Amino acid sequence: MAHYAAAQRAGDFVYLSGIVAVDPIRRVALSSYEELSESARQSLRGLGYDTGQMSVDIFEAPMVAQSWFVLDRIRQLAQEQGGEMADAIKLVQYFRDLRHYPAYNRVRALFYPTDPPVSTVVEVSRFLPGDDVLVEVEATLYLPR
C-alpha cells in the first residue's frame, strides 16, 4: 500500500512494519470470515467464532478476521526471514477501540499457544488506509545468524 519495507534486518533482529488487514488486490479492509482460508476459519470456529449466525458474525467478523490476517502475515514474514512465529518476541498492537482487544487476544493465543510475546497495546483514533481498519500490529523478531 505504501512505499516502505515490510521487514528490515539489523544484526540479529528483524523489525516488521505495522501490518493491517487489507486485501492487496481489492485494497479494502477485511470484514468477513469468507475472506479467510478454510483452515483459518476452522481454527476460529474452535474459539467459538465464525458461527454461521449472521446476527452474531456480523459484529465479530471484522475484528476477528483482521486479527487472524495480521497475525498470519507476521508468521509469513517471519518464515520469509528464516524464522517462525515464536521468533516474534515483541508485538506492538494498535486498536481503534480497546474493546476489540479480547477478541484479538483470543486469536493471538492460536499463534502463541504457550509463551505469548512481550506486548504493548495502544488505542489510536485512525489508521491508514481508512476507518474500516481496526487493528495494526508491528513486530520485532529475534533471529540470530
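Tabulated data for the structure shown
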quantity: Sparse-neighbourhood loop sites, GluC sites (Glu not before Pro) in the stretch 37-105 - DSSP loop, at most 14 other Cβ within 10 angstrom; calculated: Glu84
quantity: Sparsely packed trypsin sites (Lys or Arg not before Pro) within the stretch 28-135, loop by DSSP, other Cβ within 10 Å at most 11; calculated: Arg126
quantity: Check: the stretch 7-142 dipole with +1 on Lys, Arg Cβ and -1 on Asp, Glu Cβ, in debye; calculated: 140
quantity: Label selected from (i) 115; (ii) 132; (iii) 145, the criterion being volume of the Cα convex hull per residue in Å³ as computed here; calculated: (i)
quantity: Neighbour-count order for Ser39, Ser17, fewest beta carbons within 10 angstrom listed first; calculated: Ser39, Ser17
quantity: Cβ-based exposure ranking for Asp87, Asp131, in which fewest neighbours within 10 Å come first; calculated: Asp131, Asp87
quantity: Acute angle (nearest 10 degrees) that the helix 54-80 long axis makes with the longest principal axis of the chain, alpha-carbon atoms; calculated: 20
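Laboratory data are not the source of any read-out in this text; all were calculated from the coordinates shown. All figures in this text were calculated on a predicted structure; none of them were measured in a lab. Note that we place each Cβ from the backbone using ideal geometry, even for glycine, and neighbour counts take in every protein chain shown.
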